[in-house]
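Beneath this line is the structure, given in structure tokens, with notes to follow.
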Amino acid sequence: MKIEGGCHCELVRWEAKLPEGPVEVLDCDCSICRMTGYLHVIVAESDFTLVEGKKEITTYRFGSGKARHIFCSQCGIKSYYKPRSHPDGISLNLRCIDDAETLETRVVAFDGKNHPGAIA
């Protein structure tokens, strides 16, 4: 299934492929996810395409520096990023997927606070 999404001002737009069936959503309790309310939909990097916004993004790293938190430089929204816990994947913010309410989702708690390969 093809989905689309992006940031609030729509300078950053992407598309991705999801498998059919319920979408697993990770609810991480690490500091940045907890503070921003980010809900993770992990897709293979090969199933993700940045359609617009390559010049409009900025990256933030902290802690181990392995995760690349990618934000729109205009509106500040992190609609996707490269997590350290899933090195071959891209994390999409469920809240930034167009028509996310139409997806069948299953929310799963993720202990990012104590996990050595935490999402952050």
Reported set for the range 13-48 where residues are under 22 Å from GLN74 (Cβ atoms) and more than 13 Å from the chain's Cα centre (by Cα) is MET35
Yes or no: ILE42 over 24 Å from VAL107 (Cβ atoms), of a type in the set (Val, Ile, Thr) and modelled with pLDDT of 95 or more? no
Go through the range 54-74 and report how many residues are within 10 Å of VAL12 (Cα to Cα) and more than 11 Å from the chain's Cα centre (by Cα). 7
Yes or no: TYR80 under 10 Å from the mean Cα position of the chain (by Cα) and over 18 Å from LYS2 (Cβ atoms)? no
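A quick yes/no check of all residues on (1) over 19 Å from HIS115 (Cβ atoms); (2) of a type in the set (A, V, I, L, M, F, W, C); (3) in contact with a Ser or Thr (Cβ under 9 Å, 6 or more places away or on another chain); (4) in contact (Cβ under 8 Å) with a residue 24 or more places away in the chain:
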residue	(1), (2), (3), (4)
LYS2	yes, no, no, no
CYS7	yes, yes, yes, yes
ILE42	no, yes, yes, yes
GLU45	yes, no, no, yes
THR49	yes, no, no, yes
GLU56	yes, no, yes, yes
GLY65	no, no, no, no
ASP88	no, no, yes, yes
ASP98	yes, no, no, yes
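Sort out which residues of the range 19-40 are more than 25 Å from LYS113 (Cβ to Cβ) and small (Gly, Ala, Ser), and write them in order of number.
If the condition is that a residue be more than 25 Å from LYS113 (Cβ to Cβ) and small (Gly, Ala, Ser), then GLY21 is the only one that fits.
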Considering only residues that are modelled with pLDDT of 90 or more, in contact with a Pro (Cβ under 7 Å, 6 or more places away or on another chain) and either under 15 Å from CYS28 (Cα atoms) or of a type in the set (Phe, Trp, Tyr) (or both), which ones fall in the range 76-120? SER91, ARG106
Residues that are basic (Lys, Arg) and surrounded by 13 or more Cβ atoms within 10 Å (Cβ to Cβ): list the strands (runs of 3 or more DSSP E) wholly contained in the range 1-93 that include at least 3 such residues. none
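The values are calculated or read from the model by the stated rules, or taken from the named source; none is laboratory data. Just so you know, these numbers come straight off a predicted model, no measurement behind them. Ideal geometry is used to build each Cβ from the backbone, glycine not excepted, and the neighbour counts take in all protein chains shown.
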